[in-house]
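Down below is the structure, laid out as structure tokens.
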Amino acid sequence: NNYCRMTRILTSYYACRHLPDNAFLVQVSATKPKGFIADFTWTDVMPDYMSLVRLHKAGLLDNTQYAEQYTAKLDAALSQISLMLHRIKILAGERDIVLLCWCRPSAFCHRHILAHWLNKHFDVHIAEWQPKSNYCTISLF
């Protein structure tokens, strides 16, 4: 096996053409591409479209304000997120878990905030998927 197994939970985006083989795909965005089928839709961690996404896209919330409000939402749902994270791990079995949304890796994105938050609260060491690096991942924080 020529894989560098530094983490089992990864983040990526829908347009990534080379996700890990047999990955357990978790939708963490409020919307998804037409025809995309996730293995799990994690509604607890989705940013609220009206109060966060729309205002951020319109320039009415800067990145810091968005991150603060999104983190507050996660903090308020800590126990539910803990239960769902456990459920996702059970459902995935030995498969790699990939948290997916729309944004490219270099863009400001809630999935990076989510990864940092999950690592802080659950010590899961989430990293962004790097398809050209033969599965070795980079740390987001």
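Details
- A Cβ distance below 6 Å, combined with a sequence gap of six or more or placement on separate chains, defines the contacts here; from the range 34-46, residues that are under 23 Å from Lys73 (Cβ atoms) reach residues that are in a loop (DSSP other than H, G, I, E, B) in the pairs Trp42/Val28; Asp44/Ala77; Val45/Val28; Met46/Ala30.
- Scan of the range 97-119 for residues that are crowded, with 21+ Cβ neighbours inside 10 Å and of a type in the set (D, E, K, R), ordered by number: Arg111
- Qualifying residue in the range 120-136 (condition: more than 16 Å from the chain's Cα centre (by Cα), of a type in the set (Ser, Thr, Tyr) and surrounded by 12 or more Cβ atoms within 10 Å (Cβ to Cβ)): yes
- Condition check for Lys57: free of Cβ contacts under 8 Å to residues at least 24 places away in the same chain and farther than 23 Å from Phe24 by Cα: yes
Since every read-out is calculated from the coordinates, none of them should be taken as a lab result. Worth saying up front: this structure is predicted, and the values here are computed from it rather than measured. With ideal geometry, Cβ positions are generated from the backbone for all residues, glycine too; neighbour counts draw on all protein chains shown.
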